[in-house]
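Peer 1: Quick one: the structure is below, questions incoming.
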Amino acid sequence: MLGESPITHHPSPITHHPSPITHHPSPITHHPSPITHHPSPITHHPSRLSMLIAFNKPFNVLCQFTDRSDPPRRTLAEFGLPANVYAAGRLDYDSEGLLLLTDEGGLAHRLTDPKHKIEKTYWVQVEGAPSSEQIDSLRRGVQLKDGMTRPAQARPMEVPALWPRDPPVRFRKSVPDAWLEMRIAEGRNRQVRRMTAAVGLPTLRLVRVAIGDWVLDELQPGRWRSVVSLPGRPRC
């Protein structure tokens with residue numbers, strides 16, 4: 001008997017080794033372009049505050065910086081005021097007290113133009129004893145050579161605490177004197193003196209103590225201080 005050769009089946013082992021897939025995604029690094037914002041600089045130039053000076057003008061000083069008289073009279077030049085300012089309005093050579101000075105024409109106009117009706121307050125030493133009729137006349141308005149004045153606010157007052165005048169006021173011993181407070185909104189030449197004279201009360205001494213909201217306070221003769229003025233509207 002023929003012997004059959006044994007067939008031994010040894011199948012080839014199939015070992016599956018899948019290729020390992022390692023996913024290495026390309027790293028995406030996001031570097032955005034830096035945006036640096038440099039806005040155009042805006043330079044703000046606010047409206048410049050006008051220079052405004054309150055000055056206590058002494059007796060016998062002109063409201064200007066030069067004088068061509070011979071001999072020359074005292075002027076504002078001797079008091080160390082800031083450059084480029086000038087008087088806004090006037091105060092008589094022989095009167096004392098508050099004078100405003102500015103470097104801005106528009107402000108000077110607003111301070112002096114009668115249509116703005118800025119009141120000016122004066123302490124007035126008069127010769128005589130004011131009667132109620134004389135006070136009433138000032139309050140109604142007085143007829144002067146250049147026309148009727150507007151009504152003034154006028155009242156008797158106690159002797160104010162003021163600096164001595166240099167030179168002193170000359171009194172007549174036989175005639176009494178008194179003090180009045182007067183407020184007017186006009187700007188006629190020597191108006192207060194002419195008004196008191198017209199009612200029979202000659203002025204001996206005249207001191208301006210306020211212009212609108214600006215007041216003299218404790219400012220001494222020949223001294224000055226800066227005060228605030230907002231654009232378009234003068235303020236104290």
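The values are calculated or read from the model by the stated rules, or taken from the named source; none is laboratory data. Remember, it's a predicted structure, so these values are computed and weren't measured experimentally. Cβ coordinates were reconstructed from backbone atoms using ideal geometry, including for glycine residues, and neighbour counts include every protein chain displayed.
Peer 1: Given the conditions (1) over 26 Å from ILE118 (Cβ atoms); (2) among the basic types (Lys, Arg); (3) at pLDDT 95 or above, which single one is not true for ARG183?
Peer 2: Exception for ARG183: condition (1).
Peer 1: Follow-up. Of the residues GLU186, GLU218, which is in contact with a Ser or Thr (Cβ under 7 Å, 6 or more places away or on another chain) and either in a strand (DSSP E or B) or over 15 Å from SER95 (Cβ atoms) (or both)? Lay out the reasoning, then the answer.
Peer 2: Working: GLU218 fails: in contact with a Ser or Thr (Cβ under 7 Å, 6 or more places away or on another chain).
Checking each option against the conditions leaves just GLU186.
Peer 1: While we're looking at this one, here's another question. Has segment 76-85 got any residue that is farther than 23 Å from GLY212 by Cα, surrounded by 15 or more Cβ atoms within 10 Å (Cβ to Cβ) and either in contact with a Gly (Cβ under 6 Å, 6 or more places away or on another chain) or modelled with pLDDT under 90 (or both)?
Peer 2: yes
Peer 1: From the list SER137, SER226, SER174, exactly one residue is of a type in the set (Ser, Thr, Tyr) and either in contact with a Pro (Cβ under 9 Å, 6 or more places away or on another chain) or within 27 Å of HIS109 (Cα to Cα) (or both). Which is it?
Peer 2: Details: SER137 fails: either in contact with a Pro (Cβ under 9 Å, 6 or more places away or on another chain) or within 27 Å of HIS109 (Cα to Cα) (or both); SER174 fails: either in contact with a Pro (Cβ under 9 Å, 6 or more places away or on another chain) or within 27 Å of HIS109 (Cα to Cα) (or both).
It is SER226.
Peer 1: When you scan segment 83-119, how many residues do you find that are touching an Asp or Glu at 6+ places or on another chain (Cβ under 8 Å) and touching a residue at least 40 places away in the same chain (Cβ under 8 Å)? Let's see the steps before the verdict.
Peer 2: Keep residues of segment 83-119 that are touching an Asp or Glu at 6+ places or on another chain (Cβ under 8 Å), which gives 84-86, 114.
Filter again for touching a residue at least 40 places away in the same chain (Cβ under 8 Å), leaving 114.
Final tally of qualifying residues: 1.
Peer 1: Report whether or not ARG190 is more than 14 Å from GLY97 (Cβ to Cβ) and basic (Lys, Arg). Full working, then the answer.
Peer 2: Working: more than 14 Å from GLY97 (Cβ to Cβ): yes; basic (Lys, Arg): yes.
The answer is yes for ARG190.
Peer 1: Could you tell me whether TRP224 is at pLDDT 95 or above, surrounded by 15 or more Cβ atoms within 10 Å (Cβ to Cβ) and assigned by TED's automatic domain parsing to the domain that holds ASN60?
Peer 2: Values: at pLDDT 95 or above: yes; surrounded by 15 or more Cβ atoms within 10 Å (Cβ to Cβ): yes; assigned by TED's automatic domain parsing to the domain that holds ASN60: yes.
Against the criterion (at pLDDT 95 or above, surrounded by 15 or more Cβ atoms within 10 Å (Cβ to Cβ) and assigned by TED's automatic domain parsing to the domain that holds ASN60), TRP224 qualifies.
Residues are listed down the side, and each one gets a yes or a no for (1) among the hydrophobic types (A, V, I, L, M, F, W, C); (2) in the same structural domain as LYS57 (by TED's automatic domain parsing); (3) closer than 25 Å to PHE65 by Cβ:
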position: TYR93; (1), (2), (3): no, yes, yes
position: ASP103; (1), (2), (3): no, yes, yes
position: LEU111; (1), (2), (3): yes, yes, yes
position: ALA129; (1), (2), (3): yes, no, no
position: ARG140; (1), (2), (3): no, no, no
position: ASP146; (1), (2), (3): no, no, no
position: THR149; (1), (2), (3): no, no, no
position: ALA152; (1), (2), (3): yes, no, no
position: PRO160; (1), (2), (3): no, no, no
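Peer 1: Does SER137 meet the test of being modelled with pLDDT of 95 or more, over 20 Å from ASP94 (Cβ atoms) and buried (at least 18 other Cβ atoms within 10 Å of the Cβ)? Walk me through it before giving the result.
Peer 2: Details: modelled with pLDDT of 95 or more: yes; over 20 Å from ASP94 (Cβ atoms): yes; buried (at least 18 other Cβ atoms within 10 Å of the Cβ): yes.
Yes, satisfied.
Peer 1: Is there any pair with a first residue in segment 159-178 that is farther than 13 Å from PHE59 by Cβ and a second that is surrounded by fewer than 11 Cβ atoms within 10 Å (Cβ to Cβ) and among the hydrophobic types (A, V, I, L, M, F, W, C) whose Cβ atoms are under 9 Å apart and which are 6 or more apart or on different chains, and what are they?
Peer 2: From residues that are farther than 13 Å from PHE59 by Cβ, the pairs are ALA178/VAL159.
Peer 1: Let me ask something additional. Kindly indicate which of VAL175, VAL169, VAL124 is assigned to a strand (DSSP E or B) and outside the structural domain of PHE55 (by TED's automatic domain parsing).
Peer 2: Details: VAL175 fails: assigned to a strand (DSSP E or B); VAL169 fails: assigned to a strand (DSSP E or B).
Exactly one of VAL175, VAL169, VAL124 is assigned to a strand (DSSP E or B) and outside the structural domain of PHE55 (by TED's automatic domain parsing), namely VAL124.
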